[in-house]
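First the structure, in the form of structure tokens, and then the observations on it.
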Amino acid sequence: MGRISDLISTLDSKKLILILSIVIIISYVNSLGVYFIWDDYPSVVSNPRIRSLDLKNIFEPLYPEDNPSIAKVPAYSRPLQIASYMVDYKIWKLNPFGYHVTNIILHVLNSILLYFLLALLLRDRIFAFMGSALFGTNPIFTSSVTYISGRADMLLLFFVILMIVFFIKSVEHKKLKIIYYILSFICFLGALLSREIGAMSILFLIIIYRWINKGIVAKTKILLYTPFVVILFLWYYLKPSAAPGYHFIWPKLLGNIFVLPTLWKGLSIYTFLSVFPFHLHMGRSITVVNSIQDKWFLISILFIISIVYSSVRFRNQKLFIFGFVWFYVPLFSQLIFNYLFAKRGIEILLPEHNLYFCYFGFLVSLFSIAGSARIKKFVPIVCLLILASYVILTVNENFYWQDEIKFFEKNIRYNKNSAFNFVNYANLGFAYEREDELVKSEKSFILAAEKSGKNPYFYNMLASFYIRHKDFDIALKNLMFSKKLDSNFHNTYTLLGIVYINKGLIPEARENFEKAILVNPSDNMANKYLELLRDKFPE
């Protein structure tokens, strides 16, 4: 076992980084054959904002067709994600190969940066290499790396790691190094423009300064944080109003005594997945804890006790606490967001990709306590065994992503009774349709609509299927039902207008397009068709 440590210690950082990069590329090379899938269609394939390098477009919502009143999810503001898609589109157009190359490059860069930051914090190159390799090959991160739409997670981590490294460099001596401080500030701005949770990264700066730095005198620390706090407030007030932020949401949460047990339940599952990344799938969800008889109520209490115990037991181990905060605080914040915006009945979404940013904290805490003399000699061999299994599991996960029908069938299988399964059925419908399996496609769209809880968005999706295949009578039937469900959904009127055009009912078509525009003046499709009718059939 000591021979492994001796072998790694003989390699300089350049060779370790080369080995790290090769192992990660081997793990993800088969992701290059994955086509666009799921949210890749609205965020890339059908997103007009990425078709030019017009920078004003990066500040628009990520998903052009988001409708918060229907989807119940705020419009996301991800300027750097959109900017990266613009560059990809300029080079690759709609060839998914190039987008996957970008994702793999970002993931390799993040793993290299993690190596340097772990080496800086742990003062141990062997642990730094092992930790970055486990991160780079972890199969749970296929939801961020293989999934083109998961790029925001990688951009966020990239800028936050650089921010931390530059900040440490700027304050490690008694005299502030301005160039590193400015670079740290720029990277904080990059984190904010990558993903909303980047707002919490300022907390890591405070911890780094208070618990790790021994340089600049304390009197100047308020001034150190001031530019970061100012840009944070500017970001909060200047971002699109519908984009999620962290504001006064506590009154919505504290009214239910079972909210915290539910959130602790989510943290427990995230912790388990960090140790055992098996049975992975998109659309993972948890049920709300709603009584003290629920087994998770007791488990959550035990989990809280274990967290408190760990905090007390390792209170003098600053790196453990730093990693502990990095792992749990952002996860807790994202669980709050999901409780508010991704809850359906008694279920809450638990996206696996949320672990991408937080997992670094898990590694810091893990390796900070693995350095004791009793277990340190066993760490390299254990890590190598885990690393080998991770590579195999990641390659296997990528094969699922290559076949979108198997991918969504897997999601449905793992989420058999989930209230969110209607989304998987809808995506499966599109997958079957792309393969010209129209009977299976129709059945999937029908199941999506039926399981959506009478959501007009999914009845319109079913109607759109019938429109594409010229079955206008059934399309009309579904749209009229959708109209009964929500008479103020503009998309219903737009689709009705299209149906009436194809049935030769021009006045009815015109009336519905005008209604769609009245409800939503920015409905581009309705405006386009109405202009076409005015040119071809002037009143």
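Quick notes on this structure:
- Annotation for segment 467-491 versus segment 323-396: alpha-carbon center distance of 44 Å.
- Order of Asp88, Asp403, Asp436 - criterion: other Cβ atoms within 10 Å of each residue's Cβ, fewest first: Asp436, Asp403, Asp88
- Cα-only Debye scattering, segment 248-360: base-10 log of I(q)/I(0) at q = 0.10, 0.20 Å⁻¹: -0.30, -1.19
- Label of the coordinate-derived value, log10 I(q)/I(0) by the Debye sum over Cα atoms at q = 0.06 Å⁻¹, listed as [x] -0.33; [y] -0.46; [z] -0.38: [x]
- Take the Cα radius of gyration of segment 374-426 and divide it by 2.2 N^0.38 Å, N being the number of residues; the result is 1.74.
- Two-site label geometry, Ile307 and Lys528: point separation in nm, points 7 Å out along Cα→Cβ: 4.8
- Debye-formula intensities of segment 454-536, expressed as log10 I(q)/I(0) at q = 0.12, 0.19, 0.22 Å⁻¹, are -0.29, -0.73, -0.98 (one equal scatterer per alpha-carbon, no solvent).
- Label-point separation, Ile231 to Arg413 (7 Å along Cα→Cβ), nm: 4.6
- Overall form of segment 287-410 per C-alpha gyration tensor (a/c, 1.5; a/b vs b/c): oblate
- MRE, 222 nm, helices only [DSSP H, n ≥ 4, -39500 (n - 2.57), over the chain, to nearest 500]: -21500 deg cm²/dmol
- Expressed as a whole percent, the proportion of Cα-Cα pairs in segment 454-501 lying more than 14 Å apart is 34%.
- Out-of-range pairs (alpha-carbon distance over 31 Å; input Lys295/Lys406; Lys93/Lys454; Lys93/Lys477; Lys451/Lys515; Lys239/Lys470; Lys14/Lys376): Lys295/Lys406; Lys93/Lys454; Lys93/Lys477; Lys239/Lys470
- A full extension of the chain between Lys93 and His469 corresponds to an added length of 132.6 nm, given 0.36 nm per residue minus the alpha carbon distance.
- Relative contact order for the chain: 14 percent, from Cα pairs under 8 Å spaced at least 6 residues apart, divided by residue count.
- Over 30 Å (Cα to Cα) - which of Lys343/Lys528; Lys443/Lys484; Lys56/Lys174 fall in this group: Lys343/Lys528; Lys56/Lys174
Throughout, read-outs are computed from the coordinates displayed, never taken from laboratory work. This is a predicted model, so every value here is computed, not measured. Cβ sites come from the backbone with ideal geometry, for glycine too, and all protein chains shown count toward neighbours.
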